[in-house]
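Colleague: Here it is, the structure in full.
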Amino acid sequence: MVDDEAVVRDAYRHLFGDVEDCEVIAEARDGREAVARFEEVRPDVVLMDLKMPRMSGVEAMAEIGRRHPDACMIAVTSFASLDYVVPALQAGAAGYLVKDAPAEALIDGIRQALADEMPLSPRIARALARSIADSPAESPRAQPPKMGRFAAPTPREQEVLDHLAQGFSNKEIAEALCISEAAVKAHLRHLGDKLGVRSRTQILVLAYRYGLAVPETTH
């Protein structure tokens with residue numbers, strides 16, 4: 001866990017001390033220290049604050065991701081502004097959670113990230129969606145790129161996309177659509193192949209950009 005505030009690190013330490021399958025194996029006070037500590041302990045997941053001295057969380061995630069492409073990193077910060085969200089996701093964050101989220105949401109977010117899902121606080125997902133959809137550079141009704149053998153998602157893939165856009169986990173999508181989690185993952189892989197991307201984050205971004213998913217209008 002990486003945070004320049006000792007009180008936050010203490011809170012995390014106490015929180016995870018009560019979680020059976022979680023163990024804090026290292027701490028860092030800034031991005032530069034985070035990079036060094038990652039090399040030493042190779043953790044399963046990193047909780048990364050963004051605004052820190054010496055090296056920011058975004059810079060640290062980019063450096064860790066460059067050295068270790070499979071590193072699982074989650075941005076956990078007080079800032080919900082897209083000025084922070086977008087760079088964090090571009091730097092390789094597997095998800096973005098705000099510090100005032102309930103403890104259960106943080107723990108669930110870690111498990112989602114380790115399961116190759118994309119934990120985003122609901123308000124972050126909505127803000128990201130609206131930002132992309134409202135971008136004048138590429139309208140959400142722009143023509144999508146050539147997508148494999150198909151010009152558009154299948155009806156079931158569209159349903160998966162719609163639920164993904166609402167911030168559902170694979171398990172929640174599976175329950176909502178009465179299919180298996182394996183089927184959800186398969187649909188996401190197919191969507192990624194069609195769009196020419198790999199991660200859930202990239203799938204969601206392109207889905208909004210090309211009008212394949214519609215952001216919520218409520219705030």
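Colleague: Residue by residue through the range 9-16, what is 3J(HN,Hα) from phi via Karplus (6.51 cos²θ - 1.76 cosθ + 1.60, θ = phi - 60°)? Round to whole Hz and write x for glycine and proline.
Modeller: These are the phi-based 3J(HN,Hα) values: 4, 4, 4, 4, 4, 5, 4, 6 Hz.
Colleague: Also, I was wondering about something else. How much length is gained if the chain between Ala6 and Ala36 is pulled fully straight, taking 0.36 nm per residue apart and subtracting their Cα-Cα distance, in nm to one decimal?
Modeller: 8.9 nm
Colleague: Apply the Karplus curve 6.51 cos²θ - 1.76 cosθ + 1.60, θ = phi - 60°, to the phi angles in the range 96-103 and return the couplings in whole Hz, x for Gly and Pro.
Modeller: Working through the residues one at a time gives 9, 10, 9, 5, 7, 5, x, 4 Hz.
Colleague: Which distance in nm do the two modelled labels at Ala26 and Cys178 give, with both placed 7 Å along the Cα-to-Cβ direction?
Modeller: Roughly 4.8 nm, to one decimal.
Colleague: Do you know the relative contact order of the range 1-119, to the nearest whole percent, from alpha carbon pairs under 8 angstrom that are 6+ apart?
Modeller: The value is 20 percent.
Colleague: Of the listed peptides 66-73, 165-172, 19-26, what is their order by residue-averaged count of other C-beta atoms within 10 Å, with the highest listed first?
Modeller: The peptides rank, most packed first, as 165-172, 66-73, 19-26.
Colleague: Indicate the gyration tensor shape class of the range 6-52 (rounded, prolate or oblate), computed on the Cα atoms with a ≥ b ≥ c the square roots of the eigenvalues: a/c under 1.5 is rounded; otherwise a/b larger than b/c is prolate and the rest oblate. Intermediate results must be reported in sequence, preceding the final value.
Modeller: Details: a/c = 2.40, a/b = 1.30, b/c = 1.85.
Oblate shape, in that a/c is at least 1.5 and b/c is the bigger or equal ratio.
Colleague: Rounded, prolate or oblate, given the Cα gyration tensor of the range 1-118, with a/c below 1.5 counting as rounded? Before the final figure, lay out each step's value.
Modeller: Values: a/c = 1.22, a/b = 1.16, b/c = 1.05.
Rounded shape, in that the Cα axes give a/c under 1.5.
The numbers here are math on the coordinates, done by the rules we state, and not lab data. Note that the coordinates shown come from a computational prediction; the quantities given were computed from them, not determined experimentally. We place every Cβ from the backbone using ideal geometry, glycine too, and count neighbours over all the protein chains shown.
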